[in-house]
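Structure first, then comments.
Read-outs: derived from the displayed coordinates by stated rules, not from any lab. Since the model is a prediction, treat every value here as computed from it, not as a measurement. Reconstructed Cβ throughout: ideal geometry from the backbone, glycine too, with neighbour counts over all protein chains shown.
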């Protein structure tokens, strides 16, 4: 079994020429946690993962696993396992030999190699395929080989760089569930990179949202989704309707042309934006408390089985997206029809001006 270890990232900075890819990143990753780095392409998440692996040397700062500093060690001496996006299996080696590779390099006794490889192949449900070559496997099976190879060496930390992005949608869902189950079974500290928000929310203990080389927020999936610290996190993680509130009134602001209660920190601020999740927008029913109810024109509807997605144009205020559990009457709505939208004041979040404007209050 691997030794569970805390990972500490201390003021890591990395530049490529004039471009600063990582700007003084400071993180504490609990021992045994499934910790996901989430963000758009170019935000620095893969650069950070590869710095932890030892594939990139940081310009400043340090990386600690447990109490050991590994920031200056070569990749081969860091005792971390790595699972890549493109499987990275050796095409000329059998499944068994692929998984055994790291153990052989570490000069583990042959009998121990056989025992540990077979145990790991059983764990990832590939024991009956031990003699096959990679080209005889599906993409999901090849990725399981990569996972087994990374875990069989019993690393202190497991690193995963978008390991599911090359798989089809159903296989991604199945394999991410298996990865999470294995991670919990082994209790191994895992750092996982993805740009897929649903993937991050569904498998993580903690999510770290990055943008422009900076950590924007670290928190539980619930907090990241429901309590975003700034506008970027609110816009990147899940869908949001961003609305410009109008002039303040005695108790709040005007939203979609109607007065709505708002915190005192919001009133009088210039450039404030309001945000409400589509699933918080009621369709053809009033809000269940203080809020607004407005009329709009349906411009687009998409029935997906469990959900009905609606785009509704509100005169003078643009399009509002709504996501609701459908009934037969609602699925029968047609473009151009009038619908009522209800928004509860308590479901509205407010953000200061700018792409990463902080949440108010």
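Here are the numbers:
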quantity	calculated
Prolate/oblate/rounded call for region 216-315, Cα gyration tensor, a/c under 1.5 rounded	oblate
Ratio Rg/Rh, restricted to the chain and using Cα atoms, in which Rh is the Kirkwood radius	1.07
All-pairs Cα distance distribution in region 123-221, expressed in whole percent, bin size 10 Å	13, 46, 32, 8, 1
Estimated FRET transfer efficiency when R0 is 51 angstrom, pair residue 168-residue 329 (beta carbons, to 0.05)	0.90
Proxy reagent accessibility, fewest Cβ within 10 Å first, across 254, 135	135, 254
Relative packing of peptides 279-288, 301-310, 143-152, 206-215 - highest average C-beta neighbours within 10 Å first	143-152, 206-215, 279-288, 301-310
Least to most buried among 119, 321 (fewest other Cβ within 10 Å first)	119, 321
log₁₀ of I(q)/I(0) at q = 0.14 Å⁻¹ - region 146-295, Debye sum with one point per alpha carbon	-0.82
Shape call, region 27-138: gyration tensor on alpha carbons, a/c limit 1.5	prolate
Label-zone membership for region 230-265, site residue 304, 7 angstrom Cα→C-beta point, backbone N under 12 Å	238-239
Structure-based [θ]222 nm, the chain - -39500 (n - 2.57) summed over DSSP H runs of at least 4, per residue, nearest 500	-7000 deg cm²/dmol
Sequence-separation-based contact order of the chain, relative, with Cα cut under 8 Å and 6+ spacing, percent	16 percent
